[in-house]
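**Student:** Structure below; questions to follow.
The values are calculated or read from the model by the stated rules, or taken from the named source; none is laboratory data. Treat the numbers as computed from the prediction; the structure is a model and nothing was measured. Neighbour counts run over all protein chains shown; Cβ positions are idealised from the backbone, glycine included. Accessible surface areas use protein heavy atoms only, side chains included; no ligands, DNA or RNA. Shrake-Rupley method; radii C 1.70, N 1.55, O 1.52, S 1.80 Å.
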Amino acid sequence: MIHNFSKVDNNIYRGSAPSVEDVIVLNKKYGINKIISLDFESGKRINRICKLLHIKHINLPINGDKKSLLKFLNHDIKDLLENNKPSYIHCLHGKDRTGLAVALY
């Protein structure tokens, strides 16, 4: 079950780290073509299912250190979320890091 799941706009969704089963639902029910993982470990867990479903998966962790935050901020957030949409962005709990990304969007 995805906690803090919500629709940001017509093509962008956000929430907590999805399970393998959640990724299947995101793809089949919401047409998700891209998942951006802001948490490395949860992103690693879904990498294989993303490949099997032909979902573009970007593991771009923000670990609470300056280096990972700057790496994230070097991306064009709008392009990151809108290119190859619909997209789903998440961190472990779907609150702080995900909220930052959506606020920047």
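**Student:** For the range 10-23, which positions are under 14 Å from the mean Cα position of the chain (by Cα) and open to solvent by 30 Å² or more (accessible area, probe 1.4 Å)?
**Tutor:** Asn11, Arg14, Ser19, Val20
**Student:** Output the residue which, of all residues in the range 73-97 that are at pLDDT below 95 and hydrophobic (A, V, I, L, M, F, W, C), is least open to solvent (accessible area, probe 1.4 Å).
**Tutor:** Leu81
**Student:** OK, next. Asn63 fails exactly one of the following numbered conditions: (1) modelled with pLDDT of 95 or more; (2) touching a helix residue (DSSP H, G or I) at 6+ places or on another chain (Cβ under 9 Å); (3) of a type in the set (S, T, N, Q). What is the number of that condition?
**Tutor:** Of the numbered conditions (1) modelled with pLDDT of 95 or more; (2) touching a helix residue (DSSP H, G or I) at 6+ places or on another chain (Cβ under 9 Å); (3) of a type in the set (S, T, N, Q), the odd one out for Asn63 is (1).
Per-residue answers, yes or no, for (1) of a type in the set (A, V, I, L, M, F, W, C); (2) under 19 Å from Asn4 (Cα atoms); (3) within 11 Å of the chain's Cα centre (by Cα):
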site	(1), (2), (3)
Tyr30	no, yes, no
Lys44	no, no, no
Leu53	yes, no, no
Lys71	no, no, no
Ile77	yes, no, no
Leu81	yes, yes, yes
Ile89	yes, yes, yes
His93	no, yes, no
Ala101	yes, yes, yes
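**Student:** Exactly one of (1) on the phi > 0 side of the Ramachandran plot; (2) open to solvent by 40 Å² or more (accessible area, probe 1.4 Å); (3) in contact (Cβ under 8 Å) with a residue 40 or more places away in the chain is unmet by His3. Its number?
**Tutor:** That leaves (1) as the condition not met.
**Student:** Please report, ordered by residue number, the helices (runs of 4 or more DSSP H) entirely within the range 38-105 with at least 3 residues that are closer than 22 Å to Leu26 by Cα.
**Tutor:** 40-52, 77-82, 96-104
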